[in-house]
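Q: If you scroll down you'll find the structure; I have some questions about it.
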Amino acid sequence: MKEFLIVYSTFVALFFHSPVFAQQSQLIHFVQPLAGTAVSGTDAAKKHSEASSEQYANTIPAVSTPFAMTQWTAQTRKTEQKCVAPYYYSDSLINGFRASHWLSGSCTQDYGSFSVMPVSGSLQKALRQASSSFSHNNEQSTPAYYQVTLDRYQLLVELTATARCGIIRVTAQKSDSVYLLINANSDQHQGQLHFGGKGKVLGKNPVHRIYQGWGEYAGFDGHMCLITESVPSISGSFHQGKIQKSVLGRSDETSGIYLGFFLKKGESICFKIGTSFTDIAGAEQNLKEEIPFWAFDEVRQKTTDLWEQALGKIVVEDNDLQGKRIFYTAMYHAMQHPRLFNDVDGKYPRFAGSSGYALAGPADYYDDFSMWDIYRAQIPLLEIIEPELVNNFVSSLINKGVQGGWMPIFPCWNSYTAAMIGDHATSVISSAFLKGIGRTDPYEAYALLRKNAFIVPDTVSYHEGKGRRALATYLQYNYIPMEDSVPIAFHKKEQVSRTLEYAYDDYALAMFAKSIGQTADYKQLLARAKNYENVFDKETGMVRGRYINGTWYKPFNANKREPYITEGTPHQYTFYVPQDIPGLAKLMGGRDVLKNSLDSLFSSGGYWHGNEPGHQIPFLYNFTSSPWKTQERVRQLLKEEYTDGPGGLSGNDDAGQMSAWYVFASLGFYPVDPISGSYLLTSPFYKKYEMLLPDGKKWIVTCDKDPEDHPYIRSVSLNGRDLRRNYIKYEEIMQGGNLKFQLAKKPTQWGSTEKEQVQGLSIR
């Protein structure tokens, strides 16, 4: 046991480096992992979701440590098909327990996964339909532990996990034969399982790309090593509901290996599984290091302690238990990804299917960056509460760029994908270096980002998903014209949204260039940061599709989805100029026109919180004469778009972005421009909270009155001095201190003058 504790202590230190904040009550019990597994019932989700998949948060009741390699979940759907999550609350049958690599909250696909289904009674009968009804009344779910009763088989199943491994305990509720049915979840029927000795099963499940290179082998596999606590009395293989006489090499959802035991009522069988993306030896070594003993309860306790430490980074004081459930569930969801990818010895498959393996060090290697989503709030949240982890993320992104030759746009499945739009690794990496978080070579990082911004890839590279989509026309015209349909992309067209997002990334890179003395690049990129002006139609007061000759796309539908907009409307996307909202206001005709346009969006029901492009919109009143409207709208969204229970999120959580928005907004500040280090203020949801920062520092926020009854800001002071602006800075937060809000029942003019507000590009 001493060896186990040493190993686990090292593992805990791997992720969280600042002191543990002592909890008076366990925060983990406020987390609801089932949240987001049912259809959202919010009005906005019903109105704006383009497909049924967007009506789900697409989260799963994941048992793991924060940012783990593998998440463990009850399985109600077997497939690794795109947009089909492993678990849905409305499903009535469980058909396995999965070692999953599902991208939490996404409409993507699982990969390299395995599942085990415990059954009892007749093996032949169970193989014909290996599933069981279950009741949510007999289901317990926390980040560190899951339990359910399989009614058909009268088996109690419990699971807990470490970063790369899981351990499952099956207890018989009647004396009977019990079997473990083991599958590699390969939709391509390419999984492989074989025996590695008595009570040991080894396997692999090849990973395939999606988006660019869809269906091609990704160059690596999911591997697993399963070991049972006791030697099975019988074992063999099965295929399509029948026992096989010969050993089965291939495995998919209908084929696999079985291990049989006889359990008396009340007896248990434990099995543990190590996972790896390198090879079976890596899976075995991960298991040996992380769960060396049959210590189910000890693993559960240690993982619980780790979650307590993670959740305790922010401690809110709130007598409303529902509010605490929503907040800490959001924290949990914001700590799922990016995904740890290397084994305990540092080994991981090189990026983009390039040859062989690499060794991570000194930082761990991470993948599954849902970059179009998480650069907005999820990564900025971690910049505050866990900057060392963000440094690891940045190192991982740079390694990908070095190994693949180009900085990836949306690196998932350890591959180039060119999914979504923009080039937001630029934002994440630039932000880290500007905040002093990134500690690798800034010139190497800058060179990779610069290549994406200035170099049009050759045809082969472009088809592989490398480089910015439509960069050639963007550079030629300073916007992407309607004539460029962006055919080599999963998201085709969307020319205006691409223009806007490239302009932001150019701004981010300009700030990075300035910080390292690249003056010529800085000037050129800063000019490109104003390219948003080239798709703004002054007649309509909104962004609009534009042709090469300068004419506008017709007809113009402000509040309908258009082909030149990504997952939204022109009115929604007009407000995506995070680098220069004052400049946008000037284009519109002034701050009052900006305010009126915001009012129109909300009053018409045009705002959709369930997708990321609009997440900054409620905070933009801070650039007008009515910041109180930010305070009003944000509070409204916190109450209407989030709740507890399975349908608690109004759209795909997208690797924690929806949840991170809630965390920031409820705390009273938000990074509209993530790289700037400025966070726009609103009234907090809580009368008091504390953030535990690195080096034992604390950021303590208090309100003089209950925000529920007094939702508007009268004044704000920082460490006893009047703040005199409606934003706070990164360095002020990280130094620790006290921010105090004086609140009012009715709207005030606090923060309403231009000198109190963040300035635009014109002052840079």
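Q: So, of the residues in segment 734-764 that are modelled with pLDDT of 95 or more, more than 14 Å from PRO711 (Cα to Cα) and among the polar types (S, T, N, Q), which turns out to be surrounded by the most Cβ atoms within 10 Å (Cβ to Cβ)?
A: Out of the qualifying residues, it is GLN757.
Q: Give the residues of segment 708-764 that are under 21 Å from SER625 (Cβ atoms), among the basic types (Lys, Arg) and either in contact (Cβ under 8 Å) with a residue 40 or more places away in the chain or in a helix (DSSP H, G or I) (or both), sorted by residue number.
A: LYS755
Q: Still on this structure: Which of the numbered conditions does VAL701 fail, given that it passes all the others? Conditions: (1) farther than 27 Å from SER430 by Cα; (2) aliphatic (A, V, I, L, M); (3) open to solvent by 10 Å² or more (accessible area, probe 1.4 Å).
A: Every condition holds for VAL701 apart from (3).
Q: In segment 220-265, what residues are basic (Lys, Arg) and closer than 23 Å to VAL207 by Cα?
A: Across segment 220-265, the qualifying residue is only ARG250.
Q: Okay, next question. Are any residues in segment 577-605 open to solvent by 10 Å² or more (accessible area, probe 1.4 Å) and among the small types (Gly, Ala, Ser), and if so, which ones?
A: Within segment 577-605, GLY583, GLY589, GLY590, SER597, SER600, SER603, SER604, GLY605 qualify.
Q: What is the number of the single condition among (1) over 25 Å from GLU388 (Cα atoms); (2) surrounded by fewer than 16 Cβ atoms within 10 Å (Cβ to Cβ); (3) of a type in the set (Gly, Ala, Ser) that SER715 does not meet?
A: The single condition SER715 does not satisfy is (2).
Q: Additional query: Filter segment 147-164 down to the residues that are hydroxyl-bearing (Ser, Thr, Tyr) and under 21 Å from the mean Cα position of the chain (by Cα) and list them by number.
A: THR162 - this is the single residue of segment 147-164 that is hydroxyl-bearing (Ser, Thr, Tyr) and under 21 Å from the mean Cα position of the chain (by Cα).
Q: I'd like to verify a number: residues in segment 305-322 that are out of contact with any helix residue (DSSP H, G or I) (no Cβ under 6 Å at 6 or more places or on another chain), part of a helix (DSSP H, G or I) and either hydroxyl-bearing (Ser, Thr, Tyr) or crowded, with 21+ Cβ neighbours inside 10 Å (or both), how many?
A: Residues meeting the conditions: 1.
Residue by residue, here is whether (1) touching a residue at least 12 places away in the same chain (Cβ under 8 Å); (2) open to solvent by less than 30 Å² (accessible area, probe 1.4 Å); (3) part of a helix (DSSP H, G or I); (4) more than 30 Å from ILE516 (Cα to Cα) holds:
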residue	(1), (2), (3), (4)
SER431	yes, yes, yes, no
GLY438	yes, yes, no, no
LYS451	yes, no, yes, no
ARG469	yes, yes, no, no
ALA472	yes, no, yes, no
GLN476	no, no, yes, no
VAL486	yes, yes, no, yes
LYS492	no, no, no, yes
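Q: Here's something else I'd like to know. Which residue out of LEU649, LEU594, LEU587, LEU601 is in contact with a strand residue (DSSP E or B) (Cβ under 6 Å, 6 or more places away or on another chain), of a type in the set (A, V, I, L, M, F, W, C) and either without any contact (Cβ under 8 Å) to a residue 40 or more places away in the chain or farther than 18 Å from THR682 by Cβ (or both)?
A: Of LEU649, LEU594, LEU587, LEU601, the one residue that is in contact with a strand residue (DSSP E or B) (Cβ under 6 Å, 6 or more places away or on another chain), of a type in the set (A, V, I, L, M, F, W, C) and either without any contact (Cβ under 8 Å) to a residue 40 or more places away in the chain or farther than 18 Å from THR682 by Cβ (or both) is LEU587.
Q: Going through segment 245-292 one residue at a time, which ones are assigned to a strand (DSSP E or B) and open to solvent by 60 Å² or more (accessible area, probe 1.4 Å)?
A: Passing the criteria: ARG250, PHE262.
Q: Take segment 614-643 and flag every residue that is over 19 Å from ASP373 (Cα atoms), buried (at least 24 other Cβ atoms within 10 Å of the Cβ) and of a type in the set (Ser, Thr, Tyr).
A: Hits for segment 614-643 are TYR621, THR624, THR630.
Q: Another question, if that's okay. Yes or no: ASP537 over 21 Å from GLY610 (Cβ atoms), of a type in the set (Asp, Glu) and surrounded by 19 or more Cβ atoms within 10 Å (Cβ to Cβ)?
A: The answer is no for ASP537.
Q: Just name the residue that is modelled with the highest pLDDT out of those in segment 64-81 that are open to solvent by 10 Å² or more (accessible area, probe 1.4 Å) and not basic (Lys, Arg).
A: THR76
Q: Looking at ALA425, is it buried (at least 24 other Cβ atoms within 10 Å of the Cβ) and either in contact with a Pro (Cβ under 8 Å, 6 or more places away or on another chain) or on the phi < 0 side of the Ramachandran plot (or both)?
A: In short, yes.
Q: Taking segment 221-237 as the region of interest, how many residues are among the aliphatic types (A, V, I, L, M), open to solvent by 50 Å² or more (accessible area, probe 1.4 Å) and touching a Ser or Thr at 6+ places or on another chain (Cβ under 9 Å)?
A: Residues flagged as among the aliphatic types (A, V, I, L, M), open to solvent by 50 Å² or more (accessible area, probe 1.4 Å) and touching a Ser or Thr at 6+ places or on another chain (Cβ under 9 Å) within segment 221-237 amount to 1.
Q: Tally time: how many residues in segment 121-160 are open to solvent by less than 10 Å² (accessible area, probe 1.4 Å), without any contact (Cβ under 8 Å) to a residue 60 or more places away in the chain and outside any strand (DSSP E or B)?
A: Result for segment 121-160: 2.
Q: So which residues in segment 181-198 are surrounded by fewer than 24 Cβ atoms within 10 Å (Cβ to Cβ), under 36 Å from the mean Cα position of the chain (by Cα) and in a strand (DSSP E or B), if there are any at all?
A: LEU181, GLN192, HIS194, PHE195, GLY196
Q: Let me ask you something else. Restricting the search to segment 569-584, which residues are in contact (Cβ under 8 Å) with a residue 60 or more places away in the chain and either among the β-branched types (Val, Ile, Thr) or in contact with a Gly (Cβ under 7 Å, 6 or more places away or on another chain) (or both)?
A: VAL577, ASP580, ILE581, PRO582, GLY583
Q: Kindly establish whether SER497 is assigned to a helix (DSSP H, G or I), in contact with a helix residue (DSSP H, G or I) (Cβ under 9 Å, 6 or more places away or on another chain) and either closer than 25 Å to THR551 by Cα or of a type in the set (A, V, I, L, M, F, W, C) (or both).
A: Yes, satisfied.
Q: Just to be sure, is TYR522 at pLDDT 95 or above and touching a Gly at 6+ places or on another chain (Cβ under 6 Å)?
A: No, not satisfied.
Q: Scan segment 371-383 and give yes if some residue there is modelled with pLDDT of 95 or more, in contact with a His (Cβ under 7 Å, 6 or more places away or on another chain), among the hydroxyl-bearing types (Ser, Thr, Tyr) and crowded, with 24+ Cβ neighbours inside 10 Å, otherwise no.
A: Yes; the residues of segment 371-383 include at least one that is modelled with pLDDT of 95 or more, in contact with a His (Cβ under 7 Å, 6 or more places away or on another chain), among the hydroxyl-bearing types (Ser, Thr, Tyr) and crowded, with 24+ Cβ neighbours inside 10 Å.
Q: Could you please tell me which pairs satisfy a Cβ distance under 7 Å, a separation of 6+ or placement on different chains, a first residue in segment 377-401 that is outside any helix (DSSP H, G or I), and a second residue that is open to solvent by less than 10 Å² (accessible area, probe 1.4 Å) and polar (S, T, N, Q)?
A: ALA377/GLN657
Q: Quick check on ASN559: is it within 29 Å of the chain's Cα centre (by Cα) and surrounded by fewer than 22 Cβ atoms within 10 Å (Cβ to Cβ)?
A: Considered against the rule, which asks whether it is within 29 Å of the chain's Cα centre (by Cα) and surrounded by fewer than 22 Cβ atoms within 10 Å (Cβ to Cβ), ASN559 comes out as yes.
Q: Would you say ALA330 is open to solvent by less than 10 Å² (accessible area, probe 1.4 Å), at pLDDT 95 or above, out of contact with any Phe, Trp or Tyr (no Cβ under 6 Å at 6 or more places or on another chain) and among the hydrophobic types (A, V, I, L, M, F, W, C)?
A: So ALA330 does not fit the description; no.
Q: State whether the residues of segment 329-336 include one that is assigned to a loop (DSSP other than H, G, I, E, B), under 19 Å from HIS101 (Cβ atoms) and not aliphatic (A, V, I, L, M).
A: yes
The values are calculated or read from the model by the stated rules, or taken from the named source; none is laboratory data. These numbers were taken from a predicted model, which means no experiment stands behind them. When we count neighbours, we look across all protein chains shown, and the Cβ atoms used for this are built from the backbone with ideal geometry, even at glycine. What goes into the accessible areas is simple: the full protein's heavy atoms, side chains included, and nothing from ligands, DNA or RNA. Shrake-Rupley method; radii C 1.70, N 1.55, O 1.52, S 1.80 Å.
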